[in-house]
1. How far apart, in nm, are the 7 Å Cα→Cβ label points at residue B:357 and residue A:85?
2. Say the dipole of the protein assembly as shown comes from +1 at the beta carbon of Lys and Arg and -1 at that of Asp and Glu; which of A:96, B:228, B:10 then lies farthest toward its positive end?
3. Which residues' amide hydrogens lie under 5 Å from the amide hydrogen of residue B:540, considering only partners 5 or more residues apart or on another chain, with H built in the peptide plane?
4. Treating only the Cβ atoms of Lys and Arg (+1) and Asp and Glu (-1) as charged, compute the dipole magnitude of region A:99-238 about its Cα centre; round to the nearest 20 debye.
5. Taking only Cα atoms, what is the 0 to 90° angle, nearest 10, from helix B:165-185's long axis to the longest principal axis of chain B?
6. Using the Karplus equation 6.51 cos²θ - 1.76 cosθ + 1.60 (θ = phi - 60°), what ³J(HN,Hα) coupling, rounded to whole Hz, does each residue of region B:42-58 give in order, writing x for Gly and Pro?
7. Which pairs break 31 Å Cα to Cα here: B:158/B:216; B:406/B:534; A:175/B:406; B:356/B:534; A:166/B:356; A:175/B:362?
8. Please compute the modelled spin-label separation between residue B:160 and residue B:15, points set 7 Å along Cα→Cβ, answer in nm with one decimal.
Amino acid sequence: MDMVFQLLFQGIGIGSVYALVALGFVLIFRATNVVNFAQGEFSMVAAFLMVIFSVDLEWPYWISFLLSLGGMAIYGALFNLGVYFPLRHRTYLPVIISTIGASILVSNSTLALYGPQPQVLQPLLDFPGFNIGTVYLDAQYLLIIGLTVVLVAFQYWFFEHTLLGKKLQATSQDKEMASLLGIPVATMIMLTFVYSAMIGGLAGILVAPILFVSIHMGGTIALKAFAATIIGGFGDVAGAIIGGLALGVIETFGAAYVSVPYKDGFAFLVLVAFLVFRPQGIFGERVAEKA
Amino acid sequence: MSSMIEIYRASAQRKQRGLLAYIALIAVLVYVAATTTFDGYVTNILMQAVTYSVAVMGLTVVLGLCGQINLAQAAFFGLGAYAVGLGTVDYGLSYWICMGLGLIVVLGFGAFLGTSTIRLGGHYLAMVTISFQQILTLVMINWIPVTHGPDGVSRILKPTLFNTPQSYLAFCVVVLAVVGYLVWQLPSTKLGRAMRAVRDNELAAGVTGIDIQRTKVTAFAICALLGGLGGGLFAGGFSYVSPDQFSFAESIVFLTMVLLGGVASPIGAVIGTGLLILIPEWLRFLKSIPGLYLAIYGLAVILIVLFMPDGIWGFVVQRFKSLRGALRLSAELPELTLVQTQSHADDVLVVDNLAKHFGGLKAVDDISFIVKRGSVHALIGPNGSGKTTTLNVLSGLYTPTAGAVKLDGQDITHFAPHERTASGLGRTFQNIRLFRSMTALENVIIGVERPGNPVDHAPIALEGRARAALNFVGLGDRADELVTSFSYGHQRLIEIARALAGNPTLLLLDEPAAGLNSTEKMELRDLLKRIAAKGLTILIIDHDMTLVSEVAEHITVLNFGRRIADGDPVSVLNHPDVVTAYLGSDANAAH
């Protein structure tokens, strides 16, 4: 039984990371109607920025942390300008391909600069964790879960109770109408990319001490976050969070009880099952076809 | 002036000369491949280019023709390669049997993934294919007893018939040449036109009688098949396969190859594949820094998408388009005939207590009317009266909440759009839905190819009928132009010609006068009268009272989802409820 709680704790911890990245996915999807296949690289780049600032330059941890998030804001803006914005009037296909190109470009540039050796990043807290009964609660996992809760609450408040949040919502629902009402749509999309890069980056920094910092971390995280969004119901914020947590738990239990080598396969099996049997996800509604 | 048959013969001769030239070119290439002894390095590069090209042509079909994304081509390639590898090495089977089995397996997986396109578009499909790719990679690496795991399969045999590298390369070139020819011909076949129609406008494709699901699944299966074939050839050529050769990254390589060369043509596939195999060899010096080459590669992908959306071959074709001499001969066309169905029942369309509710909104509430054979029947009503909803229920885009629809005695209430078309329903759209990458002629040929159309389906007859239909609406001399070069009014005429060419039992016209100027409206009125004179039954939905009162013999009026009047034009247009619905009541007028 303790084993079950231990796995549940770890599953929710890693699931929170997927949920954060999924959140970034959903925000960009809602604002631009395209899926960003370079979402995972947001996490990877942030983790490497953290390595540069705190390990290579040996700057204090919290300053490095803030600088990395700031760097991600700039990265999100550049990403929008280079990869999405020029293609905004084309169909989804060129955009998918261009984000895939960006993903290859960014991860391999990092490989060229840093080499294939995974980097180690210290946890954010000095304190390692504690036991409740025989269940060991690792501090890093607790931190991830806690920050996810805070961020989700913040995001809810931001979108529902601030003018900027409402403008962003308006943009994602109907760009034409939003621009007729005087909302600067291009700026709103830019902000969405910036914010999405920052939460993706935060997820990357948080998970780095657990997974090692490598150029492959982005791809794995992104695919699972994408799976999480489909499981939750595409475009649905609550769905992305639930989907992320569910996936983390399924995967952790799958690895413990079924097979370790196929750990990364469970996400895809669940994904395919959902796509075949319930493509609208847990929360999503089926969108009627327009005549 | 010459007859259709002469024109057709001239074009057939031209095609035949092209084919002969192609065969001659391939014969030279095969001769060179079979007789020249290259060093191992060159043979390997050629072998890779040829086998990859076969797989990339699969993407030409699925992405270029059908507009569907596939990010798992390396997985299909890998399945084909492992079938040949494991079959010949572990089980001692002959190369040909392994290849055959591999293709069956690949076809099965391709069709399975293709069926997921039925319910899922764009991004979902991308994700399903990625998932398939990832799972397959995991299986290749971890199912060690069967797949040999990360070590891969070595000492794969070539078929005894082509046991030397030269002869095997020549064999691969022949396979590529055949595949290339078939893919080249595909767009102008019925299947190819259906794929292009699905890509251009899925809704219109269904309504013109194309089975969208079957078309997409077929495209996917062909893509997978070519992937597997390429992989099987690859395994024989290199004698060694391992999981990392068939990873997700390789799927992206395949995708980039087809994009770089141009998705529209198999020539693009060969150009793209050749370049992306040669460029890494030229950039070998970059490989001293790991990742640098791939980084440049990723950048190239973005730049291609940004600046060369049609790929290299598309770019070349654009440049030299004007130089290509078009085959232009004017022909005496036969008069368009409209074949009537066997049934001679008086009622062509029976709408019986039809209802369509959207949640609490009763868009259409208990409507009944009958369209008589050979009549022009109009369905009118103010905005929001439920006209368009009725039409969408009739053409199968919406499922009715209650009621039944009978066409020529057949209950079509639960038919899919393409099945209704097969039963004899033809329609046009208020917002024109033509296949925009095709010529007027090709659009109308798709109309002629309507399943159940009782005419000759031989290519020459198809083209003749399509030209006659275009001639009937007055656009016969512009048949070979792209539809995008026509004015709005003329595009509407092409849509009508597309519907007429299919010999519908009933022609549904959704606001045909919308957006037309007064001259075009007069032309449309005359055209409708000429169609009616041929005895075709027409149901027209429109706001334009002048048009409706001039052409219609019978009018049904809707308001707020209910039928408020039904009868001949004079009595209906003087009906007090109709006057109120259109002009408002006296009580309202007093304000």
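Read-outs throughout are calculated quantities, based only on the coordinates presented, and are distinct from any laboratory measurement. Since we're looking at a predicted model, the values are computed, not measured. Methodologically, a virtual Cβ is constructed for each residue, glycine included, from the backbone with ideal geometry; neighbour enumeration extends over all protein chains shown.
1. 5.0
2. B:10
3. Amide H neighbours of residue B:540: B:377, B:378, B:379, B:509.
4. Taking the Cα centre of region A:99-238 as origin, the dipole is about 160 debye.
5. The two axes meet at around 10 degrees.
6. Once θ is set to phi - 60°, the couplings for region B:42-58 become 5, 4, 4, 5, 5, 4, 5, 4, 5, 5, 4, 4, 4, 5, 5, 5, x Hz.
7. Distance filter (> 31 Å) returns B:158/B:216; A:175/B:406; B:356/B:534; A:166/B:356.
8. Simple spin-label model gives 4.1 nm for this pair.
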